[in-house]
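Written below as structure tokens is the structure these notes are about.
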């Protein structure tokens, strides 16, 4: 395979392709600079002649470049992912074929951590439910029920990467006790490491899920972990819907086994099970990083990765698995 940077000729039409919808300003830049080809949703309809032209794909965490699509692109060299999560891309196949994969870490850490904090405050204090109570005119005849104090609670963080640490720092400002679980203790953090997710849940008032998606974490928060929270415990998920056993969560909520949940992600987005639409669950449509500032920074980093590859320069943010390529 000849690398882009090994040739001085202009990019052939279709060399850069787009998989799935992207931020409007990113789509416009890609079209203006590279005359991108839009890949079909159904890989079976992809013309082999068009597929052979594709050497770079720009995609998002929601769509990615799954196994079948990657296999259909014989000359693919790089996947640039608009998002920190990349579990929808077949990274194992990419490593085996020497295909580079990049993502956009760091730039969305603060906004996702802010969202986690907002969800924690809401499940404890039930601000959203109390606003609905007022808007529906029920305050005229009754007071809103008492809620729970968040300050001074115990917050368990499942996964202490960039986002997990940012969540922990925010919660610590509320005088919360911070516990965390990772495969091994993290150096230079002041918080207590707990050996298992079940033990973390058992000791926490709220369990915040902040691990990456993918096969390694699918169903990690299972019925046993959820039940360990107990009747006074809350679950907050800003990671990936696949990490939490959604059926087990619904069963625990309906059975009164936990106090409630705050969810920004779901197993089959954008579908949200009707049984999750409850007054003790705060539901957000995957808006954790959804600010103008973060989307702009994600766009710029996505383009920086693509441009660096085309210029034969080091990639700003390859995914960790690329150390094997």
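Please treat every number below as a calculation from the coordinates, not as lab data. Note that the coordinates shown come from a computational prediction; the quantities given were computed from them, not determined experimentally. Every residue, glycine among them, receives a Cβ derived from its backbone with ideal geometry; neighbour counts consider all protein chains shown.
Beta-bridge orientation, the stretch 109-283: approximately 5 percent antiparallel, per DSSP, counting only bridges with both partners inside. Working from Cα pairs under 8 Å separated by at least six residues, relative contact order for the chain is 17 percent. The simple Förster model, with R0 at 51 Å and r as the Cβ-Cβ distance, assigns residue 67 and residue 141 a FRET efficiency of 0.35.
Gain on full extension, evaluated as 0.36 nm per residue between residue 172 and residue 268 minus their Cα-Cα distance, stands at 31.3 nm.
Against the chain, whose longest principal axis comes from its Cα atoms, helix 162-172 is set at around 20 degrees. Inter-label distance, residue 45 to residue 125: 4.8 nm, where each label sits 7 Å from its Cα along the C-beta direction. The shape of the stretch 109-283 comes out prolate: with a ≥ b ≥ c from the C-alpha gyration tensor, a/c is at least 1.5 and a/b beats b/c. Exposure proxy ranking for 221, 319, based on other Cβ atoms within 10 angstrom of each Cβ and starting from the fewest, stands as 319, 221. For the pair the stretch 277-297 and the stretch 181-199, the centres of their Cα atoms are 27 angstrom apart.
Among DSSP beta bridges whose residues both lie in the stretch 188-293, state the antiparallel percentage, nearest 5. The partial results should precede the final answer.
Values: 1 of 13 bridges.
So the antiparallel bridges amount to about 10 percent of the total.
Only DSSP H runs of four or more residues enter the estimate; each adds -39500 (n - 2.57), and after division by the residues of the chain the mean residue ellipticity at 222 nm equals -9500 deg cm²/dmol.
Taking a ≥ b ≥ c as the square roots of the Cα gyration tensor eigenvalues, with a/c under 1.5 meaning rounded and otherwise prolate when a/b beats b/c, else oblate, which class fits the chain? Prolate is the answer for the chain, as a/c is 1.5 or above and a/b outweighs b/c. Its residue count N sets the reference 2.2 N^0.38 Å, and the alpha-carbon radius of gyration of the stretch 216-325 equals 1.41 times that reference.
How many percent of DSSP beta bridges within the chain run antiparallel, rounded to 5? In the chain, approximately 5 percent of DSSP beta bridges are antiparallel ones.
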